[in-house]
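Every number here is computed from the coordinates shown, using simple stated rules; none is lab data. Because the structure is predicted, anything quoted here is derived from the model rather than measured.
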């Protein structure tokens, strides 16, 4: 379902723009500015290769900055890798930045239709599923409230409810099981289990090793853009934990 072949992702750092004559003047007389301008790169992913089989749940672990979120964006097509190939066999439903497609000035009701359209749902489909989305989100009393007045938890709950209203072939997940309150987190977890049991292929990022162990068939350990290991979930999670704890 998902195949990566020697994928690398490089970002340019230290790029500056001359926003004014004053800034250009300062840069001209400051050797450090001239020396550092437009220099430096950051290799977020470094020669990564792996494949995920149909119906498999694969977790991504690693410290902050390891490249996990970048990996999800490359797989979901949000970013194009600097090198290598990404092959996807199936329709992807990415849950990476929940609520990113919302317009804060619009109401929750209006954003359900807007975000649904962004995710590729037809208006009729949204109309048919509207009550299910609202019921799952627990936000029926706030449908006419602009999203700009929502808490981050409320926004994430609405976005999660819209994104999971279908049973996707491939689900790309970034820490979504931590959204909302404890009750909603349990609902999110149960929804994920429902999708997994239905045969959905999942690529899942989380800092919760317990969550990774519970959900994932295999795990990929990333550090500084490199793949350290891929294999048995419990073994790699235990090894990763010991390294993090300095044991």
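Using the empirical formula 2.2 N^0.38 Å as the baseline, the Cα radius of gyration of the stretch 184-247 reaches a ratio of 1.22. Rg then Dmax, both in Å and based on the Cα atoms of the stretch 109-192: 12.2, 34.
Taking 0.36 nm per residue of sequence separation and removing the Cα-Cα distance, the residue 117/residue 228 pair yields an extension gain of 36.1 nm.
Each part gets one Cα centre, and for the stretch 69-99 versus the stretch 104-144 those centres are 24 Å apart.
For Cα pairs less than 8 Å apart in space and 6+ apart in sequence, what is the mean separation divided by the residue count of the chain, i.e. the relative contact order in percent? Could the numbers behind the result be given before it?
Working: 425 pairs, mean separation 66.0, N = 247.
Relative contact order comes out at 27 percent.
Mean projection of the alpha-carbon convex hull of the chain over all orientations, in nm²?
Values: hull surface 67.3 nm².
Orientation-averaged projected area of the Cα hull: 16.8 nm².
Scaled to the globular estimate 2.2 N^0.38 Å, the Cα spread of the stretch 90-144, given as radius of gyration, is 1.12.
Based on DSSP H runs of at least 4 residues, each adding -39500 (n - 2.57), what is the mean residue ellipticity at 222 nm of the chain after dividing by all its residues, to the nearest 500 deg cm²/dmol? If you can, show how the numbers build up before the last one.
Numbers: 9 runs with 97 residues, N = 247.
Helix-only estimate at 222 nm: -12000 deg cm²/dmol.
If you model the stretch 50-129 as an ellipsoid using its alpha carbon gyration tensor, with each semi-axis the square root of five times an eigenvalue, the axes come out at 29, 17, 12 Å, biggest first.
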